[in-house]
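Asks: Can you read through this structure? Questions will come right after.
The values are calculated or read from the model by the stated rules, or taken from the named source; none is laboratory data. Since we're looking at a predicted model, the values are computed, not measured. FYI the Cβ positions are ideal-geometry reconstructions off the backbone, even for glycines, and counts take in every protein chain you see. Accessible surface areas use protein heavy atoms only, side chains included; no ligands, DNA or RNA. Shrake-Rupley method; radii C 1.70, N 1.55, O 1.52, S 1.80 Å.
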Amino acid sequence: MSTTTYALRDSMTMLRRNLKHARRYPSLTLSVVVLPVLMLLMFVYVFGAPLGDGIDVPGVGGGGGRDAYTNYITPGILLMAIATSSIATAVSVCTDMTEGIINRFRTMSISRASVLVGHVLGNVVQTAVSLLLIVCVALAVGFRSNAHVLEWAAVLGLLLFLAFALAWLSAAIGLGSESVETASNAPLPLAFLPFLGSAVVPPDSMPAGIRWFAEYQPFTPITETVRGLLLGTGIGNDGWISLAWLTALTVLGYVWAKASFNRVANR
């Protein structure tokens, strides 16, 4: 076998380990699924009618009510779910560090990269399952999409790319955390970024300073791309901007995690 083949085999072994761990201890997985579902229900049934009447929903305009806002908020909830789910990666990596499991792996004849790759891919799989559940709930509460199969496939690819990028960033955060409690809190700014974009309301309705941040932060073009593909409102240049952001975040997270892993290994 070549070195690449060994690395792929070890990565798949680590992926199976993380998925089995998630199945045996489902509390963390359930928490990252339940929270976005509760937020979806809250925004639809508590704030949906006034927000739908008060903002210009793409393709509908103002006065669309709860039904229009359900279509508006669902793409934002999907991004919130991905950002929240990435916290699990930081916690699981930090848990392995503090319990000495990663040190044990270092003494074994396995690819070093496979340890982190297993965590990242495990989080992407868990995120895909949570996205499926959220879409089912969204359809049940009134979300309606006119996207065809290719547009749904593009949305899925974009969301999984985001999950992949955030998982690498969270893995780096987990490696740099001194405790599991720190690892669970450190990625929280990522979970709040969609709120400061176009996930809940259009940036045009925000105060000047926050609007500037909302227009130029990475979650806004990704949200608008997912929304445009699902609702048929057009995506303009947001698709290419989203891919550029996601590529940059993935490279940043990978380089950061690799440097942190090597630094910890050399202690």
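Asks: Could you tell me the distance between the Cα centroids of region 17-95 and region 228-262, to the nearest Å?
Replies: Measuring centre to centre over Cα atoms gives 19 Å.
Asks: Using alpha carbons only, what's the Rg to Rh ratio of the chain with Rh from Kirkwood?
Replies: Here the Rg-to-Rh quotient is 1.01.
Asks: I would also like to ask the following. What does the C-alpha gyration tensor say about the overall shape of region 8-56? Classify as rounded when a/c is under 1.5, otherwise prolate if a/b is larger than b/c, or oblate.
Replies: Note, shape of region 8-56 comes out oblate.
Asks: Mind pulling the angle between the C-alpha long axis of helix 149-176 and the longest principal axis of the chain? Nearest 10 degrees, somewhere in 0 to 90.
Replies: Here the helix axis deviates by roughly 50 degrees.
Asks: Now a separate question. If you scale each eigenvalue of the Cα gyration tensor by 5 and take the root, what three semi-axes come out for region 1-127, rounded to whole angstrom and sorted largest first?
Replies: 42, 15, 10
Asks: Counting only protein heavy atoms and a 1.4 Å probe, tell me what percentage of region 1-142's accessible area is made up of carbon and sulfur.
Replies: Answer for region 1-142: carbon and sulfur cover 65 percent of the accessible area.
Asks: Report in % the part of the accessible area of region 143-267 that belongs to carbon and sulfur, leaving out ligands and nucleic acids; probe 1.4 Å.
Replies: 68 percent
Asks: In percent, how large is the relative contact order of region 21-143, given Cα pairs closer than 8 Å and 6 or more residues apart?
Replies: About 30 percent, as a whole number.
Asks: Something else about it: Would you work out which of 191, 37, 165 lies farthest towards the positive end of the dipole of the chain? Charges go on Cβ: Lys and Arg +1, Asp and Glu -1.
Replies: The one lying farthest along the dipole's positive direction is 165.
Asks: Mind checking the per residue accessible area of region 3-151 for me, 1.4 Å probe, whole number of Å²?
Replies: Here the residues of region 3-151 average 48 Å² of exposed surface.
Asks: I'd like the FRET efficiency for residue 205 and residue 98, computed as 1/(1 + (r/R0)^6) with the beta carbon distance as r and R0 of 41 Å, rounded to 0.05.
Replies: 0.40
Asks: With the radius of gyration and the Kirkwood radius both derived from the Cα set of region 53-157, what is their ratio Rg to Rh?
Replies: 1.18
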